[in-house]
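Colleague: Attaching a single structure in structure tokens format; questions to follow.
The numbers here are math on the coordinates, done by the rules we state, and not lab data. It should be emphasised that the depicted structure is a prediction, and the values quoted were computed from it without experimental measurement. Every residue, glycine among them, receives a Cβ derived from its backbone with ideal geometry; neighbour counts consider all protein chains shown.
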Amino acid sequence: MKKLLIGLLIAFIALPLSAAKKIVQDGIEYELFGTSSVRCRAKDKSRLTDVVIPINVKIGDRTYLVTEIDKDGFRDCKNLRSIEIPKTVAKIGMNAFWDCKNLESVVMPDECKTVVNKGAYGYDNHGIFHGCTSLKRMRGTTKLYPAYMVFEALYKCQDVPFYAEVKDLDKNQLEAMTLTSNFYDFASPKVKQAVEGWQKRKPYETMAQWEARVNETNRKKMIDEAIAEAHTQFVKIYSPANVKGTLEEYNPEYGFYTVYLGSLGNVYAYVPQDEAQGFHDQWDKVKLLPCYGVMDNEISILSCDFELNGKVYKAPNAYTEDSFDDIVMAVTPLTAVKEYEILAEKAKSDPAATDRKIYEPDIIDFDIPKSPEENTNTFAVIIGNENYQRVSKVDFALNDARVFAKYCNRTLGLPEQNIRVYNDATFGDIAAAMNDIDEICRAYHGNAKVIFYYAGHGVPDESNRNAYLLPVDANGSQLETCYALSKIYEQLGNLQARSVVTLIDACFSGSLRGEGMLASARGIKLKPRDVKIGGNMVVISAASGDQTALPYPEKSHGLFTYFLLSKLRDTGGDVTMGEMADYLSEEVAKQAIVVNKKPQTPDVKVSPVFGDDWKSIKLIQK
């Protein structure tokens, strides 16, 4: 008898503990499992229509994350039309939505495990949406098509209308189609493609016709239309088909209800005080009428009306959408396109330029930040060797030199008279350039800073692996007509200058920029002899050892120079040599493999005088 009483007492005590492990909320049962997680399932299946599963629920006096949808959790919910599953859900059980025949729209977590039904003896296996014959819209929380959603959740769900949209995707295609919910990333490439395609000159269009068609007024109209179209697509993809929130507390002081909408946050319903109880009691009949837009670069509800029994209750506030100025800035400026069209027109009428590269405009060439101050004590020597007389050309070298000179002027603040540009330089031109900068530094009595930039061919001496810059009138076979790299470094190191930053977009292995070898290199790559440097000098060169200094054809630049310009643009020139070297090493190495399928790692050499202090050197005057 005593044992029986103790057993009854234990059972009695256990009842409230067991009950405290579950709650039912809006027709869904939430059950605690483990120590801190909750799984959910439909409790009142006929009641569920538009469901937003919350991120967390309160059971007893504690709040727990919702992390799982139970096996058969929403199976046969005949009235279920839409469901939004929060990102906290890490597992969805087998057959969770089987035969939800009216389910039209689903928002899934970006990462989740969905249990596939293996079937009897391997037959009739399928994913969790088997039998959802009205399901037409699916997406992730921030991704358009999470991989598991296609390959697990929809596994062999041929009866699902949405299945036809994704059934033929392989994982590579799926990865290419994965989009984030960031509006800039979504819209910018669409707007850029539409506007830049329109503002390019057509094949048979005269300059006069093109200038009449492509002007700032028409361009602004094109941009506005392209952004509006991208906005419409973005809202269509990322806004839920049906929204049903959780009605929370009423604020009697200001007369509105708070409505929780899961990942979309809160909205508010203005309801007069004398109607508040009726609104609450008939919440299941309330229809939400949201107006979607973009806030903080994501899909958001700008305002929401609430309709009940034919009466519309307004939101007490409405939010303003983001400005889309950043998207406009990403489109190549019209001034850039015009400059290129003028260059192209000149090239057509210049017999000597018929085989010259016609460059496509890139925003990095013209959207150049301007320094507020002049950098009067810094001088630049810029050499761009492209049109060689006896060996293959170096594609884009003149463009490299021309645009780098613009950055020296606009971004680094060098006056135009401080910038010496030598296009297609001969041996005599290079010698004159070195003599000129030496005289300038002497005149400034050690208070000048120097930038030396070279884009063109380098060539090795096959007998001793010494490296040379190749003038445009040399072929590399007669080395007395080439300019030794050791001599350049010696002259730069001997300058009476505060600092000398040397940037070399060339290699010295005998390779051409792109494919092939210089004739003098006999088809064999050579690792050039290391050249010591002195003075107050830092050298960053495009490639290491026997690597090739590669082009970036899509950007009409050498790969090294493109990322050099990119860093100057992103920082407004306020960048240390240490930061620049780290950035170039990382970005050039990555893009060399992606774009050219070859390795290229920039090389840094520093005078012993500097030690680690070189890392703090800046090109702008301070």
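Colleague: Return the calculated 222 nm mean residue ellipticity for the chain, to the nearest 500 deg cm²/dmol, obtained by summing -39500 (n - 2.57) across DSSP H runs with n ≥ 4 and dividing by the residue count.
Modeller: Numbers: 15 runs with 175 residues, N = 622.
Theoretical 222 nm ellipticity from helices: -8500 deg cm²/dmol.
Colleague: What percent do you get for the relative contact order of segment 178-319 when only Cα pairs under 8 Å and 6+ apart count? Numbers along the way, then the final one.
Modeller: Numbers: 178 pairs, mean separation 28.0, N = 142.
Over segment 178-319, the number comes to 20 percent.
Colleague: Please give the helix 2-19 orientation as an angle from the longest Cα principal axis of the chain, in degrees from 0 to 90, rounded to the nearest 10.
Modeller: Rounded to the nearest ten degrees, it is 50.
Colleague: Find the eigenvalues of the gyration tensor of the Cα atoms of segment 30-85, then list the square roots of 5 times those eigenvalues as equivalent ellipsoid semi-axes, largest first, in whole angstrom. Spell out each step's value before the answer.
Modeller: Numbers: eigenvalues 95, 25, 17 Å².
Values for segment 30-85, descending: 22, 11, 9 Å.
Colleague: Which percent of the Cα-Cα distances in segment 547-622 go past 21 Å? Kindly include the intermediate steps, with their values, before the conclusion.
Modeller: Values: 905 of 2850 pairs.
Looking at segment 547-622, the distances longer than 21 Å represent 32 percent of pairs.
Colleague: Could you tell me the distance between the Cα centroids of segment 578-622 and segment 51-113, to the nearest Å?
Modeller: 50 Å
Colleague: In cubic angstrom, how much convex hull volume per residue do the alpha carbon atoms of segment 369-520 span?
Modeller: Working: hull volume 15.0 nm³, N = 152.
Convex hull of Cα atoms, per residue: 98 Å³.
Colleague: Whole number please: convex hull volume per residue, Cα atoms of segment 374-454, in Å³. Walk me through the intermediate numbers first.
Modeller: On the way: hull volume 5.9 nm³, N = 81.
Value for segment 374-454: 73 Å³ per residue.
Colleague: Next question, about the same structure. Taking the chain as the reference, fit the longest principal axis to its C-alpha atoms, fit the long axis of helix 397-410 to the helix C-alpha atoms, and give the angle between the two in degrees, 0 to 90, nearest 10.
Modeller: Compared with the principal axis, the helix lies near 80 degrees.
Colleague: Just to confirm the number: angle between the C-alpha axis of helix 334-349 and the first principal axis of the chain, 0 to 90 degrees, nearest 10?
Modeller: 40 degrees
Colleague: Over the chain, calculate the relative contact order: mean separation of alpha carbon pairs under 8 Å at least 6 apart, over the residue count, as a percent.
Modeller: Details: 1277 pairs, mean separation 43.5, N = 622.
Reported as a whole number, the value is 7 percent.
Colleague: Then there's this: Find how much the distance from Asp281 to Asn494 grows on full extension, using 0.36 nm per residue of separation minus their present alpha carbon separation; answer in nm with one decimal.
Modeller: Values: separation 213, 0.36 × 213 = 76.68 nm, distance 8.77 nm.
Extra length available between Asp281 and Asn494 comes to 67.9 nm.
Colleague: Please sort by residue number the GluC sites (Glu not before Pro) in segment 367-409 whose DSSP state is loop and whose Cβ has at most 10 other Cβ atoms within 10 Å.
Modeller: Details: sites: Glu373, Glu374, Glu386; in loops: Glu373, Glu374, Glu386.
Here the sparse-neighbourhood loop sites are Glu373.
Colleague: Hey, another quick one. Go through segment 177-254 and name the chymotrypsin sites (Phe, Trp or Tyr not before Pro) that are in a DSSP coil and have 12 or fewer other Cβ atoms within 10 Å of their Cβ. Please list the in-between numbers first.
Modeller: Numbers: sites: Phe183, Tyr184, Phe186, Trp198, Tyr204, Trp210, Phe234, Tyr238, Tyr250, Tyr254; in loops: Tyr204, Tyr254.
Those satisfying the criteria are Tyr204, Tyr254.
Colleague: Another one. Would you mind giving the three semi-axes, in whole Å and largest first, of the ellipsoid equivalent to segment 42-143 according to its Cα gyration tensor? Could you put the intermediate results ahead of the total?
Modeller: Numbers: eigenvalues 97, 52, 41 Å².
Ellipsoid semi-axes (Å, largest first): 22, 16, 14.
Colleague: Looking at segment 405-503, send over the antiparallel percent of its DSSP beta bridges, to the nearest 5. Could the numbers behind the result be given before it?
Modeller: Numbers: 5 of 11 bridges.
If we restrict to bridges inside segment 405-503, about 45 percent are antiparallel.
Colleague: Find the percent of Cα-Cα distances in the chain that exceed 32 Å, and round it to a whole number.
Modeller: Values: 121932 of 193131 pairs.
Within the chain, distances greater than 32 Å cover 63 percent of Cα pairs.
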